[in-house]
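Asks: Before anything else, here's the structure in question.
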Amino acid sequence: MRVRKVVALGAALTLTAVVSACSSGSDSGSGSRTVNWWTWDDKQAAAYEVCATDFEKANPGVTVKISQYAVADYFTKLTAGFVAGNAPDAFQDSITYFQEYADQNQLLALDDFIKKDSFDLSRFSVGVDSWKYTDGKQYGLPLDWAATGIYYNADMLTDAGYSKADVDTLNWNPDDGGTVGKMIAHLTVDTKGRRGDEPGFDKNNIKTYGFGQIAAKDFLGDTTWSSFVSTTGWRLSNKPSWPTTLNYDDPTFIKTMDWVRSLVEKGYAPAIGTFTDSVSDVDLISSGKIAMETGGSWSASTFTKIPGVEVGIAPTVLGPDGKTRAVFSNSNGNNVWAGTKDPDLTWKWVSYMGSEACQSKASLTGTFFPSIPASMEASAEALKAEGVDLSVFTDMLNNKVLYPAPSLTNGAALEAEFEPLFEAYFAGEKGDSIFKDMQSQSKTILAEK
C-alpha cells in the first residue's frame with residue numbers, strides 16, 4: 001500500500017522553487033495524469049487525502065497532489081503561479097480574493113461542467129451565490145462553511161454563579177450591553193480577586209478578562225463584533241453581492257464599536273496586542289487568562305479537548321429584541337485555474353470534493369465544517385461519540401440564522417486600507433468620525449477597476 005504525504009512548503013522557498021513545485025495537470029509518465037490542488041489549511045489538506053486516495057482508485061493512472069502553504073504566503077504563491085503559468089489546477093480560495101482573480105481571467109467558469117453533469121448546486125448549505133461573479137457565471141463550489149460561537153471556561157462560569165442556561169440565552173444591545181455585558185463585567189477578575197462589577201476593581205491589573213479580544217483589526221468583524229451588531233439587522237454592505245458601499249457610518253454600527261471599545265477601556269477585555277500572536281485563543285482559555293470569548297466553529301474540537309479544562313460552547317447572543325440571532329458565515333470555495341492543462345479531470349476532482357461521499361469522509365475529524373448538510377450531520381455524529389457537541393452550530397444551520405459573507409470588489413485593498421484604521425480606533429487614537437471617512441473610502445475602493 002502506497003503511503004501518501006501532504007506537501008507542506010514553508011515561506012523560505014524561493015520563487016523559482018515555488019513555481020517549479022506546482023506545475024499544473026502534467027503527465028508524469030505514459031498514460032499518467034496529475035491533478036494539483038492547493039490549500040492553506042493543514043487540517044483540510046490532511047482530511048482530503050482520504051478523498052484523493054479514493055479518487056485515484058476510481059481513476060487508474062491519476063494522481064492527486066495536495067499541497068498546503070501557510071496562509072501568510074499562500075496568495076502570494078498563487079499569484080506567482082498565475083504569472084509564471086504554473087499555478088495549481090484547482091485551489092481553495094477566499095472570497096476576499098475571488099473578484100481579483102476573476103478580473104484577471106485566472107478562474108475557469110464551471111457552468112458548462114455543471115450543466116453537462118447535472119451537478120446539483122442545491123446540495124450545499126451556504127455560499128453558492130458567493131462564488132458567482134458579476135457576469136452571472138459560477139466560478140467556484142463551496143468547500144466549507146464557518147460560523148461563530150461563544151466558548152467559555154465552565155468552571156469559571158460556575159464559580160461566578162452562572163449556569164449553562166444563562167450563557168445559552170445571553171442578550172445584547174449597544175446601549176448597555178444587555179445580559180452579556182453584565183456577565184462580562186462579573187467574570188472579569190483583577191489580581192486581588194475583585195470582580196469587574198465590585199467596588200475597588202483595578203482595571204489596570206487583570207488576572208482574568210471576562211471576554212476575549214473583541215476589538216479587532218478585521219474589517220469584517222468575522223469572529224469578533226459581527227455576531228453582536230448583526231442582531232440589530234445591520235449588514236456590512238448595502239448589497240449582499242458586489243456592493244457599492246460598506247455601512248460603517250450607520251449609527252447602530254458606531255454605537256456598537258463604542259461599546260466594544262468600552263470593554264477594553266474598563267479592563268473587561270484585552271486590547272489589541274495584549275497577547276502575542278503566538279498565544280492562541282485555546283491557550284488563553286486553558287490558562288485562565290480569559291473566561292469566555294467568541295471564536296470560529298473550526299476550533300470547536302480543539303477547545304473541547306483541552307486537558308483538565310471543561311470548555312462549553314454557547315450560541316452567539318440574542319439581539320435587542322431578545323429573539324434575533326444573526327451569524328456571519330464565511331464559506332471558502334474551490335476554484336479551477338483557467339490555465340489548467342486538464343480541465344475535464346480537474347473538474348472531476350473538484351466536483352468529487354463537492355460530493356457527499358467525499359465530504360462525509362473528510363469531515364469526520366471535525367476540524368472543518370463541510371458544505372453539504374448530510375456530511376455535516378455525519379461529522380457531528382462522529383464527534384458526538386468523542387464528547388464534542390456541535391449542536392450549537394448545526395442549530396444555526398437548521399434554524400437559518402446564518403447569512404453569507406458578501407462578495408466584494410477589491411477585497412484585499414479594503415483589508416489593507418481598513419485594518420490599520422480599526423486598530424487606531426480601538427487604541428483610542430481615532431474617534432467616531434473615522435467611520436464616516438471609512439464609508440466614503442469604501443465607495444472609492446469598491447468602484448475601482
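Asks: Any residue in the range 254-270 that is closer than 14 Å to GLY221 by Cβ sitting within a Cβ distance under 6 Å of a residue that is of a type in the set (Asp, Glu)? List the pairs, counting only those 6 or more apart or interchain.
Replies: Every condition considered, the pairs that remain are ILE254/ASP432.
Asks: Would you be able to say whether some residue in the range 393-408 is assigned by TED's automatic domain parsing to the domain that holds ASN238, in contact (Cβ under 8 Å) with a residue 40 or more places away in the chain, over 20 Å from ILE95 (Cα atoms) and assigned to a helix (DSSP H, G or I)?
Replies: no
Asks: Continuing with this model, one more query. Among the listed residues ASP166, ASP175, which satisfies the condition of being touching a residue at least 40 places away in the same chain (Cβ under 8 Å) and among the acidic types (Asp, Glu)? Show your work before the answer.
Replies: Numbers: ASP166 fails: touching a residue at least 40 places away in the same chain (Cβ under 8 Å).
After applying the criteria, what remains is ASP175.
Asks: While we're on this one: Just checking, does the range 383-391 include any residue being part of a helix (DSSP H, G or I) and either at pLDDT below 85 or farther than 25 Å from THR231 by Cα (or both)? Let's see the steps before the verdict.
Replies: First pass over the range 383-391, keeping only residues part of a helix (DSSP H, G or I): 383-384, 391.
This time we only want the ones that are either at pLDDT below 85 or farther than 25 Å from THR231 by Cα (or both), so: 383-384.
Checking the range 383-391: at least one residue is part of a helix (DSSP H, G or I) and either at pLDDT below 85 or farther than 25 Å from THR231 by Cα (or both).
Asks: Give the residues of the range 268-294 that are in a strand (DSSP E or B) and closer than 19 Å to PHE422 by Cβ, sorted by residue number.
Replies: Start the filter on the range 268-294 by keeping residues that are in a strand (DSSP E or B), which leaves 290, 292-294.
Residues satisfying the conditions are GLU293, THR294.
Asks: Further, regarding this structure: Residues in the range 50-96 that are in a strand (DSSP E or B) and of a type in the set (Phe, Trp, Tyr): how many?
Replies: Taking the range 50-96 and keeping what is in a strand (DSSP E or B), we get 62-69, 90-93.
Still in the running and of a type in the set (Phe, Trp, Tyr): 69, 91.
Qualifying residue count for the region: 2.
Asks: Output yes when any residue across the range 413-420 is assigned to a loop (DSSP other than H, G, I, E, B), buried (at least 20 other Cβ atoms within 10 Å of the Cβ) and not β-branched (Val, Ile, Thr), and no when none is. Don't jump to the end; show me each part of the working.
Replies: Filtering the range 413-420 down to residues assigned to a loop (DSSP other than H, G, I, E, B) leaves none.
For the range 413-420, residues assigned to a loop (DSSP other than H, G, I, E, B), buried (at least 20 other Cβ atoms within 10 Å of the Cβ) and not β-branched (Val, Ile, Thr): absent.
Asks: Look at ASP111 and say whether it is more than 16 Å from GLY140 (Cβ to Cβ) and surrounded by fewer than 19 Cβ atoms within 10 Å (Cβ to Cβ).
Replies: Working: more than 16 Å from GLY140 (Cβ to Cβ): no; surrounded by fewer than 19 Cβ atoms within 10 Å (Cβ to Cβ): yes.
Considered against the rule, which asks whether it is more than 16 Å from GLY140 (Cβ to Cβ) and surrounded by fewer than 19 Cβ atoms within 10 Å (Cβ to Cβ), ASP111 comes out as no.
Asks: Sticking with this structure for a sec: Just a yes or no: is a residue in the range 227-244 in contact (Cβ under 8 Å) with a residue 40 or more places away in the chain, polar (S, T, N, Q) and under 20 Å from ILE290 (Cα atoms)?
Replies: yes
Asks: Is it the case that GLY431 is outside the structural domain of ARG123 (by TED's automatic domain parsing) and either more than 24 Å from GLY312 (Cβ to Cβ) or touching a residue at least 40 places away in the same chain (Cβ under 8 Å) (or both)? Give the derivation first.
Replies: Values: outside the structural domain of ARG123 (by TED's automatic domain parsing): yes; either more than 24 Å from GLY312 (Cβ to Cβ) or touching a residue at least 40 places away in the same chain (Cβ under 8 Å) (or both): yes.
Criteria met by GLY431.
Asks: Taking the range 140-196 as the search range and keeping residues that are aliphatic (A, V, I, L, M) and part of a strand (DSSP E or B), which one is nearest to ALA405 (Cα to Cα)? Spell out how you get there, then give the answer.
Replies: Within the range 140-196, the subset aliphatic (A, V, I, L, M) is 141, 143, 146-147, 150, 154, 156-157, 160, 165, 167, 170, 180, 183-185, 187, 189.
The next check asks that each one be part of a strand (DSSP E or B); those that pass are 141, 146, 150, 189.
On the way: LEU141: 15, ALA146: 10, ILE150: 20, VAL189: 36 Å.
Looking at residues that are aliphatic (A, V, I, L, M) and part of a strand (DSSP E or B), I get ALA146.
The values are calculated or read from the model by the stated rules, or taken from the named source; none is laboratory data. Keep in mind that this is a model prediction, so the values were computed, not measured. Cβ sites come from the backbone with ideal geometry, for glycine too, and all protein chains shown count toward neighbours.
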